[in-house]
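Asks: My structure is below; once you've seen it, I'll send some questions.
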Amino acid sequence: MNAHPTPDTPDQAESGVSHCASAAPSVSTEKGAAPSAASSVSTAGQTVLPATASVSAAGRPASTVALPTSPALTVALRDALQALPARPARLAVALSGGADSAMLAVHAAAVAHDLGIGLSLLHVHHGLQDAADEWGRQVHALGALLGLPVQEARVQVEQAAGKGIEAAARDARYAALARLAQAEGATHVLLAHHRNDQAETVLLRLLRGTGLLGMAAMSPVSQRDRITYVRPWLAQDRATILLAADAVRHACGWQPVQDPTNADPRYTRAAVRELLAPVLDKRWPGWRAIVARHAAHMAEAAQILDEVAREDFARLDPGPDGASFSLKAWRELSPPRQSQVLRFWLQQNGARMPTDARLRDLLRQLRELHSLGHDRQLRVRQPGHVVRCHRGRVWIEAQE
């Protein structure tokens, strides 16, 4: 995200343990391409000077210029990695070329090296902006500075029915990241979402009428497509990241790219950032931290409800594969717990979560069906699934 620093006072970036060459070469790690340092690269008015960055046998660049890192960002990243149930052998960083992901790559290079973890950089080229090719060159230049491989995937963003361009681009990005990470042998991917992103997400979810789980917003650790995504900086303000990026610019000359859509109010998230956030900044300067704390509280509450739903479902005489349960046992639960365990059951079976209106209708039909007897059959279609009832049991089946 490319937002202005908030009024919060960030920690000043200080010199850290990573190193870089005095300037960044343009490189490509695509098959058949070799690093080139013979010419400069101009990226949206920013120039990356030519240089010859050598890399040591350990895979880290041999240089004489210390690359500044932020103590606060370094500690947050290290703590997040050490809190994982098992230390991964290899990590990847999702690197767009913006300040947030670039600084995550810089700090990850230092922390992963210290922890003995392999590291790759992953870049997804959407082609949605005219400058996308130059952004890719800037990403490869940063990879050369860090002595790290950059793997790039090019995707075409297509809007599916009922899905906006932002959602379509997000889905395409995650699918590409999963493919790249698996090819690299990385089980975990680091994402650079920060406290400002989290606060914006909470506001968007609130305005869209999401439930408790949605209000928890982004999780520090989540699973998708067999990849574990880690967001170590959700509690960090973006001003701290921008200070670190400025320190790197002074040290090496490398600058992050700027995505114009991040400030274009035609896009939903940018509208929150550009139109709503300034008003909140003026009236409640610390609102981002407050909203992010609410998200953490919602996440705790959602976890408790999930545990309750799991215990309730175990009492519903579930089938061996979890695809069915006893209607009679479900009917004995209180209405709120009926609703909660139904959501849990749908989620466990990979079904898309229904809207509130569709969920209320499913609950109504299940309650009426029980009162009318078990012999009356019911079929309710969900996207990709069908819910049915037969001989006193509720079933869910996947459909093409």
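The values are calculated or read from the model by the stated rules, or taken from the named source; none is laboratory data. Keep in mind it's a predicted model, so treat the numbers as computed, not measured. With ideal geometry, Cβ positions are generated from the backbone for all residues, glycine too; neighbour counts draw on all protein chains shown. Heads up: the accessible areas ignore ligands, DNA and RNA and are worked out on the full protein's heavy atoms, side chains in. Shrake-Rupley method; radii C 1.70, N 1.55, O 1.52, S 1.80 Å.
Asks: Give me a count of the residues in region 175-232 that are surrounded by fewer than 16 Cβ atoms within 10 Å (Cβ to Cβ) and among the acidic types (Asp, Glu).
Replies: The total comes to 1.
Asks: Give the residues of region 319-331 that are part of a helix (DSSP H, G or I) and open to solvent by 50 Å² or more (accessible area, probe 1.4 Å), sorted by residue number.
Replies: Quick first cut of region 319-331, residues part of a helix (DSSP H, G or I) only: 327-331.
Those that are part of a helix (DSSP H, G or I) and open to solvent by 50 Å² or more (accessible area, probe 1.4 Å): Lys328, Arg331.
Asks: Also, I was wondering about something else. Output the residues belonging to region 78-112 that are without any contact (Cβ under 8 Å) to a residue 60 or more places away in the chain and either in a helix (DSSP H, G or I) or open to solvent by 10 Å² or more (accessible area, probe 1.4 Å) (or both).
Replies: From region 78-112, those without any contact (Cβ under 8 Å) to a residue 60 or more places away in the chain are 78, 82-83, 85-87, 95, 105, 111-112; that's our starting set.
Within region 78-112, Arg78, Gln82, Ala83, Pro85, Ala86, Arg87, Ala105, Val111, Ala112 meet the criteria.
Asks: Continuing with this model, one more query. So, in region 347-368, how many residues would count as being part of a helix (DSSP H, G or I) and touching a residue at least 40 places away in the same chain (Cβ under 8 Å)? Let's see the steps before the verdict.
Replies: So the first thing to find is which residues in region 347-368 are part of a helix (DSSP H, G or I), and the list is 347-348, 356-368.
Within this subset, residues satisfying the condition of being touching a residue at least 40 places away in the same chain (Cβ under 8 Å) are 356.
So the count comes out to 1.
Asks: Inspect all residues belonging to region 302-318 and state whether any of them is outside any helix (DSSP H, G or I), open to solvent by less than 50 Å² (accessible area, probe 1.4 Å), farther than 20 Å from Leu206 by Cβ and modelled with pLDDT under 95. Give the steps one after another, and end with the answer.
Replies: Here is the first cut: in region 302-318, the residues outside any helix (DSSP H, G or I) are 315-318.
Subset that is open to solvent by less than 50 Å² (accessible area, probe 1.4 Å): 316, 318.
In the following step, the residues that additionally are farther than 20 Å from Leu206 by Cβ were identified as 316, 318.
Now drop any that are not modelled with pLDDT under 95, which leaves none.
Checked against the condition, which is being outside any helix (DSSP H, G or I), open to solvent by less than 50 Å² (accessible area, probe 1.4 Å), farther than 20 Å from Leu206 by Cβ and modelled with pLDDT under 95, region 302-318 yields no hits at all.
Asks: Considering only residues that are within 10 Å of Phe325 (Cα to Cα) and not hydrophobic (A, V, I, L, M, F, W, C), look in region 384-400 and name the one that is least open to solvent (accessible area, probe 1.4 Å). If you could, list the steps in order and put the result at the bottom.
Replies: Taking region 384-400 as the starting set, the residues that turn out to be within 10 Å of Phe325 (Cα to Cα) are 389, 392-396.
Among the residues that remain, those that are also not hydrophobic (A, V, I, L, M, F, W, C) are: 392-393.
Values: Gly392: 9, Arg393: 50 Å².
In this case the residue turns out to be Gly392.
Asks: While we're on this one: Pairs only if they're at least six apart or on different chains, beta carbon under 8 angstrom, first in region 223-248 and without any contact (Cβ under 8 Å) to a residue 40 or more places away in the chain, second surrounded by 21 or more Cβ atoms within 10 Å (Cβ to Cβ); list them, first residue then second.
Replies: That search, which allows pairs on different chains as well, returns Gln223/Tyr229.
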